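The values are calculated or read from the model by the stated rules, or taken from the named source; none is laboratory data. In this text the structure is predicted, and so the values were computed from the model without any measurement. Every residue, glycine as well, gets a Cβ built from its backbone with ideal geometry; the counts of neighbours run over all protein chains shown. With ligands, DNA and RNA removed, areas are computed over all heavy atoms of the protein, side chains included. Shrake-Rupley method; radii C 1.70, N 1.55, O 1.52, S 1.80 Å.
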Amino acid sequence: MPSSERVRVEVSEHVATVTLARPEKHNALDQAMFAAIVEAAEEVAATAGVRAVVLHGEGPSFCSGIDVSSAFSGDAGLNGGLDGTLMNVPNPFQRTAYDWITLPVPVIAAVHGNCLGGGFQIALGADMRYATADTRFSVMEIKWGLVPDLAGTQLMRHLAREDVVRELTYTGRIFNGTEAQQLGFVTRVVDDPRAAALETAKEIAGKSPDAVRAAKRILNDAVAVDAATGLMAESVEQQKLISSPNQLEAIMSNLQKRAANFKD
């Protein structure tokens, strides 16, 4: 199946909606699905004017994780192999989660139904996660004798306590959206995650795209650099923004009490 049929990208009013579109399989991850998610991230990154992204799953689930029937039946490529040609990650499948982190604009994951294993890790790659109270989460890899390898170990540790991450990784137990918010994995529990995510994405899209992109760069680095480096990054980014066209437009639109007209 062509990747475009597995994952759809639609852009409207500076917001890209990325839809995992394998509903009959709860958007489970097989070789084609992995490839389609990466292609979608690349498409969004290459599309001018995108200022925010909503990532969601069509049908009953966000993503139920690995497609076991293909992963353990000789489906070529689902072997965790390393690729020395990749810039940011050693395993090409890690890009399904990590590409949302490196995407220069904010990503909001709208999560419902099952968000298990690889699906959970993909959601963790977003800047924010909105979920229903009854969403089913799990670091499920241990069930199959595996470890989370879609960047999950690097993403979980910045959101929850280390002992919590270890308990969930060692047991693979299922927890709901309410608990996920309490643990730090979910930003907001809402009845309609997609609608809430779109509302936030539109709000972000109405802000200076230069400032939003700069903020994401700083926040991405903040979890991996020392204080001195982080403080310097703030100063460098701020100097670039001050008196720039979009920064001046932000000032004038507020003073004149009108909608801003930012340029991408």
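Structure values in brief
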item: Test: residue in segment 133-145 that is of a type in the set (Phe, Trp, Tyr), within 23 Å of Val89 (Cα to Cα) and in contact with a strand residue (DSSP E or B) (Cβ under 7 Å, 6 or more places away or on another chain); result: no
item: Matching option when the condition is out of contact with any Leu (no Cβ under 7 Å at 6 or more places or on another chain) and on the phi > 0 side of the Ramachandran plot, among Gly145, Gly177, Gly206; result: Gly145
item: Failed item in (1) modelled with pLDDT under 95; (2) among the β-branched types (Val, Ile, Thr); (3) within 17 Å of the chain's Cα centre (by Cα), with Val50 passing the rest; result: (1)
item: Some residue of segment 223-236 being closer than 24 Å to Asn261 by Cβ and either β-branched (Val, Ile, Thr) or at pLDDT 95 or above (or both); result: no
item: Check on Ala233, touching a Lys or Arg at 6+ places or on another chain (Cβ under 8 Å), farther than 26 Å from Arg161 by Cβ, free of Cβ contacts under 8 Å to residues at least 24 places away in the same chain and among the small types (Gly, Ala, Ser); result: yes
item: Entirely in segment 153-264, the helices (runs of 4 or more DSSP H) that have 2 or more residues that are of a type in the set (Asp, Glu) and open to solvent by 40 Å² or more (accessible area, probe 1.4 Å); result: 162-171, 193-205, 209-222
item: Near pairs, Cβ below 9 angstrom, 6+ apart or cross-chain, from segment 145-162 (among the hydroxyl-bearing types (Ser, Thr, Tyr)) to any residue that is open to solvent by 60 Å² or more (accessible area, probe 1.4 Å); result: Thr153/Val147
item: Scan of segment 9-27 for residues that are free of Cβ contacts under 8 Å to residues at least 60 places away in the same chain and over 24 Å from Val212 (Cβ atoms), ordered by number; result: Leu20, Ala21, Arg22, Pro23, Glu24, Lys25
